[in-house]
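Peer 1: Provided herewith is a single structure, encoded as structure tokens, for subsequent inquiry.
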Amino acid sequence: MTKVFNWAGYYKAHKERKARDLLIKTFELFDKDKFNSGIAYDLGCGNGHETHELLKKGWRVTAVDNNENVSELMKEIIDEYKDKLEIQISSFENINWTKCDLINANYALPFCPKEHFEFVWENIINSLKVNGRFSGQLFGDRDEWDLVRHTKDEAIKRFEGMEIEFFDEIEKDDKTAIGELKHWHLFDIIARKKN
């Protein structure tokens, strides 16, 4: 049975949240490289919390979401940063890619249709510049939702030829943003593209 997601409820529940810790860790890694800002994609940008954090730090951002209301959800951010922000209302398989320094994909890629995931992943890897980073999650094979899932070995293999700088496996029973109990199994990952 296909799960129906309550995206309106999700956006409402997440309206006031801060940028995720994984993105903050990614900034710290860029800081160690003395690299302060560049070109970023924020996949599944939603309300724009990570997009906003990137823009505040001087990044140029392409924010991607297939929700047609994303421009309304991010109206204040768009008004403030219109010169550094591009919005693509698009599914991941239809993104217009350019070379970039960061691809941020918080809780986004598992929702890619399974038949398009390999194509999307290839575009992610090919779009990153040398020393560019991926920051985001892949869902594990024991996650309750029947989306794109990976075993731990499969998740690590996705980053072949890259340096995995942070990898954390999380498995727990916890509530979703809208209060539903679910079994979570996911991998928090930051990886840097090498020469």
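The values are calculated or read from the model by the stated rules, or taken from the named source; none is laboratory data. No experiment lies behind these values; they were computed from the predicted model shown. FYI the Cβ positions are ideal-geometry reconstructions off the backbone, even for glycines, and counts take in every protein chain you see.
Peer 1: Look through Asp153, Asp143 and report the one residue that is among the acidic types (Asp, Glu) and in contact with a Leu (Cβ under 7 Å, 6 or more places away or on another chain).
Peer 2: After applying the criteria, what remains is Asp143.
Peer 1: Next up: Does the range 104-114 include one or more residues that are at pLDDT 95 or above, in a strand (DSSP E or B) and among the hydrophobic types (A, V, I, L, M, F, W, C)?
Peer 2: yes
Peer 1: Gly161: free of Cβ contacts under 8 Å to residues at least 60 places away in the same chain, on the phi > 0 side of the Ramachandran plot and touching a Lys or Arg at 6+ places or on another chain (Cβ under 9 Å), yes or no? Walk me through how you get there before you give the answer.
Peer 2: On the way: free of Cβ contacts under 8 Å to residues at least 60 places away in the same chain: yes; on the phi > 0 side of the Ramachandran plot: yes; touching a Lys or Arg at 6+ places or on another chain (Cβ under 9 Å): yes.
Against the criterion (free of Cβ contacts under 8 Å to residues at least 60 places away in the same chain, on the phi > 0 side of the Ramachandran plot and touching a Lys or Arg at 6+ places or on another chain (Cβ under 9 Å)), Gly161 qualifies.
Peer 1: A follow-up question, please. Output the residues belonging to the range 150-188 that are part of a loop (DSSP other than H, G, I, E, B), modelled with pLDDT of 95 or more and of a type in the set (D, E, K, R).
Peer 2: Once the filter is applied, which keeps residues that are part of a loop (DSSP other than H, G, I, E, B), modelled with pLDDT of 95 or more and of a type in the set (D, E, K, R), the range 150-188 yields Arg158, Glu160.
Peer 1: Give the range 103-131 a look and list any residue that's without any contact (Cβ under 8 Å) to a residue 24 or more places away in the chain and surrounded by fewer than 20 Cβ atoms within 10 Å (Cβ to Cβ), or say none.
Peer 2: Hits for the range 103-131 are Pro113, Glu115, Glu118, Glu122.
Peer 1: Can you find, within the range 132-146, the residue that is nearest to Tyr41 (Cα to Cα) among those that are surrounded by fewer than 18 Cβ atoms within 10 Å (Cβ to Cβ) and touching a strand residue (DSSP E or B) at 6+ places or on another chain (Cβ under 6 Å)? Step through it out loud before you land on a result.
Peer 2: Applying the first criterion (surrounded by fewer than 18 Cβ atoms within 10 Å (Cβ to Cβ)) to the range 132-146 yields 141-142, 144-146.
This time we only want the ones that are touching a strand residue (DSSP E or B) at 6+ places or on another chain (Cβ under 6 Å), so: 141-142, 144.
On the way: Asp141: 26, Arg142: 28, Glu144: 28 Å.
Among residues in the range 132-146 that are surrounded by fewer than 18 Cβ atoms within 10 Å (Cβ to Cβ) and touching a strand residue (DSSP E or B) at 6+ places or on another chain (Cβ under 6 Å), the one nearest to Tyr41 (Cα to Cα) is Asp141.
Peer 1: Same structure again: Being under 20 Å from Asp101 (Cβ atoms) and surrounded by fewer than 18 Cβ atoms within 10 Å (Cβ to Cβ) is the requirement here; does Phe159 meet it?
Peer 2: no
Peer 1: Now for a different question. Filter the range 170-195 down to the residues that are acidic (Asp, Glu) and either within 17 Å of Arg20 (Cβ to Cβ) or in contact with a Ser or Thr (Cβ under 7 Å, 6 or more places away or on another chain) (or both) and list them by number.
Peer 2: Filtering the range 170-195 for residues acidic (Asp, Glu) gives 171, 173-174, 180, 188.
Those that are acidic (Asp, Glu) and either within 17 Å of Arg20 (Cβ to Cβ) or in contact with a Ser or Thr (Cβ under 7 Å, 6 or more places away or on another chain) (or both): Asp174, Asp188.
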